[in-house]
Amino acid sequence: MTFQDAQFRLLALVRERIHNGELTERGLARRIGISQPHAHNVLKGARNLSPEVFDSLLRHLHLSILDLAADEELQVVFDNRRRLRRPEVPFLASGIGPGRSWPGSLSWQEHFPLPSPAAVARSSLAMARITPDTSLQATAGGYDIALLDLSDRHQSRVTPGGLYVVDPDGEAVLRFVLQGARQFYLTNDVNRDLPAKWRGIATSRGTADFVRARVLWLGREADRGLDQAGRFLVAAISW
């Protein structure tokens, strides 16, 4: 379904409701914030339906754009996505977690499929085996692998509250990273609501000194092949 298809279907639905007496042009125009002549011209097809008016109509009718698609169309899309091949991502050469150092290299003999359908896997993605960390039980407890983004962009700027692999002291662990005016702060599940206990790192060091990767997804190696299993920390569409 294209945006133009969605527009035609939405206008047809509005015209049907006006014809049935459920809506009036005047009342609809007032509720979505446009003039009645403009609403009339849009419904006749004499004026284009702008994205803003389109969204206003959806909100007023309590619909989403998916409601404009037939069930059969949605099923075809879902089926096609399931058939998309799952590119496989290499593992880091060794695991990460308390007591482990950052491996710095990949094991090209070991791979794991991306947890979300995609045409290709970016070269900056890698899987890592993670060992239990008592300070991250709520976030990572029960998971034994993580999908990481190793790209340099995460070494120059962090997403507030994002989960990262950090190694400020040579130990590669998962921590939430926050940036303050003069320091970066490392937090975990135990002290996340206790700022006085956050680990501070001077901003002069820069994140490249201690951030190794961003965590995109947490899962279980035993769930290999199970669709969408695990916990997504970053929307797959942004990978």
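No value in this document is a laboratory result; all are computed from the given coordinates. As the structure is a prediction and not an experimental result, all values here were calculated from the model. Because the Cβ atoms are built from the backbone with ideal geometry, glycine has one as well, and the counts that use them run over all protein chains shown.
What is the ratio of the Cα radius of gyration of segment 88-238 to 2.2 N^0.38 Å, where N is its residue count, to two decimals?
1.00
For the pair residue 22 and residue 72, how long in nm is the line joining their label points, each one 7 Å along Cα→Cβ?
2.2 nm
Which residue, 116, 56, 101, tops the fluctuation ranking in a GNM of the chain built on C-alpha contacts under 10 Å?
For the chain, modelled as a Gaussian network with Cα springs under 10 Å, the answer is 56.
Taking 0.36 nm per intervening residue step and subtracting the Cα-Cα distance, what contour gain separates residue 222 from residue 60 on full extension? Each step should come with its number before you reach the end.
Values: separation 162, 0.36 × 162 = 58.32 nm, distance 4.57 nm.
Fully extending the segment from residue 222 to residue 60 adds 53.8 nm.
Where in the chain are the helices, taken as whole DSSP H runs, whose Cα atoms extend 20 angstrom or more along the long axis and whose Kyte-Doolittle mean reaches at least -0.5?
The answer, listed by residue number, is 3-19.
Among 175, 212, 31, which one shows the biggest mean-square fluctuation in a GNM of the chain, springs joining Cα atoms closer than 10 Å?
Result for the chain, Cα springs under 10 Å: 31 fluctuates most.
Give me the one-decimal nm value for the distance between modelled label points at residue 190 and residue 109, 7 Å along each residue's Cα-to-Cβ direction.
In this crude label model, residue 190 to residue 109 measures out at 3.7 nm.
If the convex hull of the alpha-carbon atoms of segment 3-82 is projected onto planes in all directions, what is the mean projected area in square nanometres?
5.6 nm²
Packing-wise, with mean Cβ within 10 Å as the measure, how do 163-170, 64-71 rank, highest first?
163-170, 64-71
Compute a Gaussian network model of the chain, connecting alpha carbons closer than 10 Å, and tell me which residue from 148, 61, 218 fluctuates the most.
61
Residue 217's amide H: which non-local residues (gap 5+, or another chain) put their own amide H closer than 5 Å, with H modeled 1.01 Å from N in plane and none for Pro or chain starts?
147, 233
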